[in-house]
Amino acid sequence: MVIVTLQRDKCIGCNYCAEFAPEYFRMSKKDGKSVLFNLVDKKGFHTIKVPKPEAFEPCEKAAKACPVKII
């Protein structure tokens, strides 16, 4: 299982996550920040649990590309 956490309030809207892992991230049309699909929000930390191991690679690329290191 792959667990992905995003600190959305610190997002600067660079769009790297949505480019590297479009199956899990998108950019909000409302405020231009990153959004995780099917998330659970706990005190500003947005989290998803993905049962597919193949989710690790694109999510890891998104995390490494994030300039503010919030993934």
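The values are calculated or read from the model by the stated rules, or taken from the named source; none is laboratory data. Predicted model, so just to flag it, every value in this text is computed and none were measured. Cβ coordinates were reconstructed from backbone atoms using ideal geometry, including for glycine residues, and neighbour counts include every protein chain displayed. The area values use the complete protein model at the heavy-atom level, side chains included, leaving out ligands, DNA and RNA. Shrake-Rupley method; radii C 1.70, N 1.55, O 1.52, S 1.80 Å.
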Cβ pairs under 7 Å, 6+ apart or interchain, first in segment 1-14 and open to solvent by 100 Å² or more (accessible area, probe 1.4 Å), second of a type in the set (A, V, I, L, M, F, W, C) and not in a helix (DSSP H, G or I), ordered by first then second residue, are Met1/Val50; Lys10/Val68; Lys10/Ile70; Ile12/Val68
In this structure, does Lys69 turn out to be more than 13 Å from Val4 (Cβ to Cβ), within 12 Å of the chain's Cα centre (by Cα) and either open to solvent by 80 Å² or more (accessible area, probe 1.4 Å) or hydroxyl-bearing (Ser, Thr, Tyr) (or both)?
-> yes
Filtered residue count, segment 1-25, keeping only those that are over 8 Å from the mean Cα position of the chain (by Cα) and assigned to a strand (DSSP E or B) | 3
For segment 5-56, which residues satisfy the criterion of being on the phi > 0 side of the Ramachandran plot and not charged (D, E, K, R)?
-> Gly13, Asn15, Gly32, Asn38, Gly44
